[in-house]
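Working notes for the structure below.
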Amino acid sequence: MAPTVSLHQGFVGTAMRFPDRVAVIEPGRGSITFGELDRVSDRMRDRLLASGVAPGDRVGLYLRKSIDSVAAIYGILKTGAAYVPVDPGAPPARNAYILSNCEVRVAVTEKRFVERLREELALLKSAPSLFCLDEVNGGEGIARALDAADVSAVAPPGETCYPGPDALAYILYTSGSTGKPKGVMLSHENAVSFVDWCAEIFEPRFGDRFSSHAPFHFDLSILDLHVPLKHGAAIVLIGEDAGKDPQHLAKMIADERITCWYSAPSILALLAQYGALETLDLTALRLVLFAGEVFAVKHLRSLARQLPRPRYFNLYGPTETNVCTFYEVVLPVSDERTTPYPIGKVCSHLQARVVDERGRTAPAGEQGELCITGRGVMQGYWALPDQTARGFLVEPDGVRWYRTGDIVETDDADDYIYRGRRDRMVKRRGYRVELGEIEAGLYRHPSIKEAAVVSLPDEEAGVRIVAYLSCRDSKRPSLIALKRFCSENLPLYMIPDQFVWLDALPKTSTDKVDYQQLKGMA
Amino acid sequence: MPDSIESAVKTFILNEFLPGEDPAELTMQTPLITGAILDSIATMKLVLFLEETWGIRLEAHEASPDNLDTIALIAGLVHSKQA
């Protein structure tokens, strides 16, 4: 069999072979088979083609997680365009910026988002076509919207496009230090090489049921969606509501007989503490994968004690490479252990090296920045050639090494150990957050004269984000007013945990904000 | 005591999530979830507080802004669960 080069090729092949298998389950709302998902995504493809979408375009995805949004993703991929998922819970202005920045031809969205989205897009002088669902609901929403569009003009049947390896499959926007999110461009080859690496290690099979806990704008979703659908396994979509209640979530893992769980460690820590796991039958679970931040050992120990049967993997990697190193945690987690587990060894489709400040290979055992090259590494940032150039170390032989910004060292077993960042990026609940983007958001408040944001280690949450502010006016905004302002200007995971007002921020001798002193004050 | 639920919830939110805030700023209609006072973990802690204090059980779909976005809504939900 010829190697797969397009991300949707595996799914289409599986749908042809096993049309009656269940592909996606949306608990409480229904499920869809491979065959039906293939047909609905064909119809979505045809509708997008009729709207003028062509290979090489971008199509926005502004939908809540659902069977409808999975069908939309595959419909977009089948046109040869790249999908650009945005966070439906993020401020509409941020989402409009993303859709306008990468010049989507069409955005697939829901009625509830349309009015604000149109307003915000108009401010940016951007007017992509909107394909609007009344709402998402177990696949019925997209089917109804396609039926309704066919009433005015039937979309002629088109062909599925299988773009080459360098064509973009999706663009994921991550926090940007200048206050604007930046688009990480991932090609079909990037995605397929990652999906195939996952298959090599996790051996997805018929009968597997993968959790889809991460939202689709988050890179963890690439494994959740595309690994099971290529290999004939099912996906169980976990909605945002369930994620708020660990007892309910744990029950869902049991009731849906989930076999492979993948999420940020923070949700696993909540499950370990509040999930009442001992009361449930979780014997179907064979894999627990976690990524996005450091898993506090005490919570991992507690989880592994309650669930000793699955294999546990710590996956590491920035959006720019997706997972690039991995480590299997061998149980039990000893009582003495307090240091987090290593991030492990490089994945087989990539290569890694550790460099010093001048970009030279660091001596064995010394700390340095982890750099990655290979088939999984992004092409660059959308329309940001300078940031793209700064993101890579290019060798004289032309090999581009992506600079992760993460400082690592190797241990005696040649596993990489994460030591910290070289810049102002932090991970919070699995999301990466540029502290500069939070500051830029705070500066939009008319009363804020100065803003400086620091992160501090926190045993429970991983990091705690503190904003130090000074005010232009004599009356400072209330904490409630500040939080509400943040909710309108920043994604939820970027809102500081604490706000501290000062008469003026401390400065260094060169009149820059003294972050070290601020950290000391916390 | 018709307002006991409201005042108990208000005290809990002020103590847990808004330390140092002027209590007068937190009204019955202040948006809690959509106003970013309660994130998902804070919402979970609030739900545990409601369940333990009033001996009720909330389903996952009930832990949404439709039911929990203001103190008035929360009090209404607790009342309906007790009925």
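Just a few scattered comments:
- When residues of the stretch A:383-398 are limited to those that are of a type outside the set (Val, Ile, Thr) and over 19 Å from A:ARG358 (Cβ atoms), the one surrounded by the fewest Cβ atoms within 10 Å (Cβ to Cβ): A:GLY398
- Checking each residue in the stretch A:464-495 for being of a type in the set (Lys, Arg), farther than 17 Å from A:GLU450 by Cβ and touching a residue at least 24 places away in the same chain (Cβ under 8 Å) picks out only A:ARG464.
- Taken over the stretch A:347-388, residues that are under 20 Å from the mean Cα position of the chain (by Cα) and without any contact (Cβ under 8 Å) to a residue 12 or more places away in the chain amount to 1.
- Within the stretch B:19-36, residues that are more than 7 Å from chain A (Cβ to nearest Cβ) sit with their Cβ atoms under 6 Å from residues that are in a loop (DSSP other than H, G, I, E, B) and not acidic (Asp, Glu), at 6+ positions apart or across chains, in these pairs: B:GLN29/B:THR70; B:LEU32/B:LEU38.
- The test for being more than 12 Å from chain A (Cβ to nearest Cβ) and not hydrophobic (A, V, I, L, M, F, W, C) holds for B:SER80.
- Residues of the stretch B:37-46 satisfying the condition of being within 12 Å of B:LEU68 (Cβ to Cβ) and facing another protein chain (nearest Cβ under 7 Å): B:ILE37, B:SER40, B:THR43, B:MET44
- Considering residues of the stretch A:471-484 that are more than 8 Å from chain B (Cβ to nearest Cβ) and out of contact with any Lys or Arg (no Cβ under 8 Å at 6 or more places or on another chain) only, the residue surrounded by the most Cβ atoms within 10 Å (Cβ to Cβ): A:LEU482
- Scanning the stretch A:492-519 for residues that are touching a helix residue (DSSP H, G or I) at 6+ places or on another chain (Cβ under 7 Å), within 14 Å of chain B (Cβ to nearest Cβ) and not in a strand (DSSP E or B) yields A:MET494, A:ILE495, A:PRO496.
- Within the stretch A:207-262, the only residue that satisfies the criterion of being within 16 Å of A:GLY430 (Cβ to Cβ), touching a His at 6+ places or on another chain (Cβ under 8 Å) and part of a loop (DSSP other than H, G, I, E, B) is A:ILE238.
- Residue identified as within 14 Å of another protein chain (Cβ to nearest Cβ) and either crowded, with 17+ Cβ neighbours inside 10 Å or in contact (Cβ under 8 Å) with a residue 60 or more places away in the chain (or both) among A:ILE438, A:ILE417: A:ILE438
- Whether a residue is free of Cβ contacts under 8 Å to residues at least 12 places away in the same chain, of a type outside the set (Ser, Thr, Tyr) and more than 14 Å from every other protein chain (Cβ to nearest Cβ) was assessed, and B:LEU73 passes this test.
- Scoring A:TYR162 on the criteria (1) at pLDDT 95 or above; (2) aromatic (Phe, Trp, Tyr); (3) over 21 Å from A:ASP46 (Cα atoms) leaves a single failure, condition (3).
- Residues that are more than 13 Å from A:VAL453 (Cβ to Cβ) and small (Gly, Ala, Ser) were ranked within the stretch A:496-522; the one that is modelled with the lowest pLDDT is A:SER509.
- Looking only at residues in the stretch A:232-277 that are at pLDDT 95 or above and of a type in the set (Asp, Glu), the one that is farthest from A:VAL323 (Cα to Cα) is A:ASP255.
- Residue count, the stretch A:243-268 (criterion: over 18 Å from the mean Cα position of the chain (by Cα), at the interface with another protein chain (Cβ under 10 Å from one of its Cβ atoms) and touching a residue at least 40 places away in the same chain (Cβ under 8 Å)): 1
- Taking the listed residues A:ARG116, A:ARG112, the one that is free of Cβ contacts under 8 Å to residues at least 40 places away in the same chain, part of a helix (DSSP H, G or I) and closer than 23 Å to A:GLY28 by Cα is A:ARG112, with no other qualifying.
- The set of residues in the stretch A:149-168 being of a type in the set (A, V, I, L, M) and surrounded by fewer than 11 Cβ atoms within 10 Å (Cβ to Cβ) consists of A:VAL151, A:ALA153.
- Breaking point among (1) of a type in the set (A, V, I, L, M); (2) within 12 Å of chain A (Cβ to nearest Cβ); (3) surrounded by 15 or more Cβ atoms within 10 Å (Cβ to Cβ); (4) over 19 Å from A:ALA242 (Cβ atoms), for B:ALA63: (4)
The values are calculated or read from the model by the stated rules, or taken from the named source; none is laboratory data. Computed from a predicted structure; not experimentally measured. Cβ: placed from backbone, ideal geometry, glycine included. Neighbour counts: every protein chain shown.
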